Amino acid sequence: MQTPVETLFARFAATGDPDALAAVFDQFAPRLLLVAAHLAGGGFAEDIVQATFVDAIRQRQRWDRTRPLAPWLIGLLGIHVRRARRERRRLPDPARVGTRASESAESLAEANECFEAVAAAVEALPRHYRQVLSLRLVHGLELQQIAHSLDVPLGTVKVRVHRGLVLLRRALPAGFTASVALLAVPSLGLAAARQAVLAEAASATAAVAAVAATGIAFGGFGMKKLALGVAIAAVAAVGWFTFGPDAGTAPVGPPPQQAAALVVAGVEAPQRPDAVRATPEAAPAAPVIAANERAAAPTTGSLVVQAVWASDGAPAPDVTLRAYPMPANAAAGTRVRLQDAAVGTTDAAGRAAFAALQPGKYSLMAVGAPSQSAASRVEVRAGESAGFRLAIEGTVQLRVTVVAADGAPRHGATVWQRIQQASADPFRCLGTTDAAGRLEWRGFPPNEIWARAAGLQPSPLHTLPQTAPTDPIDVRLVLGGPGCTLLGSVADPQGRPAAGARVLIACDDSLLPAEPRSEVALTSDERGRFQCDEVPAGERYVGASLPGFAMALARVQTSPAAPATIALVLRTGVTLSGRVTNSEGAPVPDVEVAAHHRRITVGFRTDTDVGRSMRTDADGRYRIAAIMPGEFTARVMVEPMLQRELTGADGEELTWDPVRDAPRTISGVVVDANDEPLSGWQISATESQINPLSSPGRRNTFGPRSVTDAGGRFEVTGLADAPYRVFVFAPWKSGEHSPAANQVPRAIANGVR
């Protein structure tokens, strides 16, 4: 399923994720390049695009997430187009280099018209032409490298590049001829600008200061030379020309996740996008810096992880890794939070890269690994690139055969799983079947899998054992009969087309179906439309969601006699705002406030509402928008938790000012039979009316916890004014399997307040 560019840019703005920014650049930069070349001339086009994205990086908090991203980028580009036009008439005035001119309505209208024309022409290109043009122009690959990457003859690549440019030239208005000619010149491609933009994003604070100090003319257009001298960004990302969805009614699924960016000072760029070296073979070359420029001392480091399957040492591709900073990395008085982790996904060779990490020790974890043995520690130093080999256990091998209802093998069917971890898109495509209807896959044990194919109903869900046997597991998935066609559209509350909305179509309408099937997931196109020919006959729910809006939900009747139609209108939702304070009236900053509206929708195995949350600012204030109308629960994620049940109508604004009482503390000492203190033992507490032993032998059922120090002392904080049961566990070393005996409390104290 295609991720909307608005979602990607919002992810970058919130987390600094270089993959998200790379995907936005790959989709929009070539279109903006053609617009810039048409409006300002080819001599400035590359620099205009680069400056536009640099401005977007620096002003990312100014973008209104409820608005499309393209017009905002075009507005930034319009500023630099006007500046470029002035540059052709006079030399830059140093006194006015940093002055930002206001874009005129005429410039914005002209840029918007150009962008729309380019977008339409690009979408009309066949996929194989968009693919080679992306690798050639965006990523800067040579023709032979493209041929190797796509496993096609060199002659085929040459023909596709030539014909792709010809088709693009024919599809655009006559005034764009020179702009398309610009793309044909490799030295003027976007690869260098892309590297500079990602380097700017990786060091948003230090790099911005260094560039500003050089007095570069033209609002940062010359930054490319300095940024490339200081850092090389290598990102294995799918290009703009391959980002858009294909036409037709085939199942729409998420693209493979891409490797994170690697920014290492002075390290030579790899020859292929997926060839990221863990450690340089030779001493890094010194960056090229002009005499009037000073390179800031590096304050961050980077990490390259080679992930392999522990059973045989084979590369582990498409695995999401998290690098958690150890508590020693955090500033005094702060806690390490889950959102502080850096996230990367391994490429086809099992490599993942993490850029701009603060120096210190990190704990590596493979997301979804059923075994904690995948956790390891590594140290990152400023100005250095650390390499690490991570052996991952607990994998399973699947041999899936997909057949039609008559038993015939189904070529081109897709096999899916549901991701258990919190994710913007819980559906993951494991691959496509070959001519014999077979697919071999390896990874963490999925809970359920199913198959989809155009024109046929999805297969029933197949539940897999949550173990990792050494032998492959054979699975046979049988597709349903012919599907009905559903045509639909998604619009925002103002009636405008909602592109990139996730659409879910239920496959049954009973609480306990005889053969449970997963809902069908797809994405609306640029006009907000969608089409599916896999829907069973009958009445069912259809829902649509898009970041910034509350979900749209409706029912539709499908029949094989004629296509059904449905129009879904997203809702504004409820807005909840307020201020979190303590019992003395002081603000409580940096705590998470969440609003969750869960409802059971028949036929949907995925929650039909995504919880909304945010952290309070320095004054303890928060504002959560787009909550589903109706009854919902608001929580302040502190210990003890603050909670309130609320009800709101669509478009209504509610206020809740929770007050956090002073937390209670239980302290004590743990000793053995000889009164000797026990160090490193874990202490946990839960309210007496809650029985954690209802799920015996599991530590995660217990509440707030602590660890004894060298003198056996402990302190459990964040407790309510209530009686507690205190549990004592033997030490459990991180990264090792814990014996069953260590999961059972060794001592229990009741009625502690």
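The values are calculated or read from the model by the stated rules, or taken from the named source; none is laboratory data. Remember, it's a predicted structure, so these values are computed and weren't measured experimentally. Counting neighbours? That spans all protein chains shown, and the Cβs are built from the backbone with ideal geometry, glycine included. Each accessible area value is taken on the protein alone, full model and side chains, heavy atoms only, with ligands, DNA and RNA left out. Shrake-Rupley method; radii C 1.70, N 1.55, O 1.52, S 1.80 Å.
General observations
- Cut-off under 5 Å, modelled amide H: who pairs with Val319 long-range: Thr346
- Separation in nanometres of the label points that stand 7 Å from Cα toward Cβ, at Ala310 and Arg442: 1.6 nm
- Each residue was assigned an accessible area with a 1.4 Å probe, and for Ile473 the value is about 30 Å².
- Spin-label pair Asn674-Asp64: with each label point 7 Å from Cα along the Cα-Cβ axis, the two points sit 7.3 nm from one another.
- Estimated from the Cβ-Cβ distance and a Förster radius of 25 angstrom, the FRET efficiency linking His596 and Val659 is about 0.75.
- Sites Arg527 and Ser577 - FRET efficiency at Förster radius 35 Å, r taken between beta-carbons, to 0.05: 0.55
- Distance between the modelled labels on His128 and Arg381, one decimal in nanometres: 5.1 nm (7 Å Cα→Cβ projection).
- Cut-off under 5 Å, modelled amide H: who pairs with Leu456 long-range: Gly483
- Taking 0.36 nm per residue of sequence separation and removing the Cα-Cα distance, the Ala514/Gln397 pair yields an extension gain of 39.3 nm.
- Once backbone amide H atoms are built at 1.01 Å from N, Arg529 has Val490 as its partners under 5 Å, excluding neighbours fewer than 5 places away on the same chain.
- Segment Asp471..Asp434, full-extension length gain: 11.2 nm, with 0.36 nm per residue of separation and the alpha-carbon distance subtracted.
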